[in-house]
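For reference, the structure is listed below as structure tokens.
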Amino acid sequence: MYLKMRLVDTVRVPPDRLGDTMEEVIEELLQDKLEGRIDKKLGAIVAIIGVAEIEDGRILAGDGAVYYDATFDAIVFRPIMQEIIDGDIVEIVEFGAFVSMGAMDALLHVSQITDDYISYDEKNSRLVGKEKGQSLSEGDGVRARIVAISLNEREPRDSKIGLTMRQPTLGKLDWLKEDRGEVDGERV
């Protein structure tokens, strides 16, 4: 889920930036410091979208920089357990599919795709169901539920989100349209 949040942080403004417009400098420094960072409580900080307030600066002995407490607005992606997401498959591997949810990718393990036995078609880079013949390929849109979250602040690339599609109303978007009797968005 994407959220707009009002946050507070201390920003170190180096001496060579003190002559510039302070709001622009602090916003730029916050973007460099925080965008792309993962926090277990907040989620992934996607963008700093504006500085609301800057308090008086402080100087520390032995440091020529000025430290400002700044209140700012940010867009944050916070995955929530049991949340239903729509995403696109970005990679197919032998053990499942990676689904882009925007700010992060999640794993859809083969055991969580459908009740059908799923095999990996390496030649065509897709996952195929044995009985129904349904397949997943890169670029396919899916609707899934978040069933596992493990965010790693120190190594964001090691963060893991697990998905399932083994419930009613979940699955490849084309499968869901077929279940509703739709062709090209029209009921038949």
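Listed values, structure above:
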read-out	value
Degrees separating the helix 22-34 axis from the principal Cα axis of the chain, which is the longest one	40 degrees
Region 54-111 and region 121-142: distance between their alpha carbon centers, rounded to Å	29 Å
Local net charge near Lys132, Cβ-Cβ under 10 Å (Lys/Arg +1, Asp/Glu -1)	-2
With 5 Å bins from 0: P(r) over the chain, alpha-carbon pairs, percent	1, 7, 14, 15, 13, 11, 9, 7, 7, 6, 5, 3, 2, 1, 0
Taking the chain and dividing mean pair separation by its residue count, relative contact order in percent (alpha carbons under 8 Å, at least six apart)	18 percent
Within-15-Å neighbourhood charge of Phe95 [Cβ basis; K, R +1; D, E -1]	-3
Sparse-neighbour loop sites [trypsin sites (Lys or Arg not before Pro); region 52-153; at most 15 other C-beta within 10 Å; DSSP]	Lys123, Lys130, Lys132
For region 84-187: relative contact order, % (alpha-carbon pairs under 8 angstrom, 6 or more apart)	25 percent
Restraint check, Lys130/Lys160; Lys4/Lys172; Lys130/Lys177, Cα-Cα greater than 26 Å	Lys130/Lys160; Lys4/Lys172
Value of [θ]222 nm, deg cm²/dmol, for the chain, DSSP H segments ≥ 4, -39500 (n - 2.57) each, nearest 500	-3000 deg cm²/dmol
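Only the coordinates and a few stated rules stand behind these numbers; no lab work does. Worth saying up front: this structure is predicted, and the values here are computed from it rather than measured. Backbone-built Cβ (ideal geometry, glycine too); neighbour counts: all protein chains shown.
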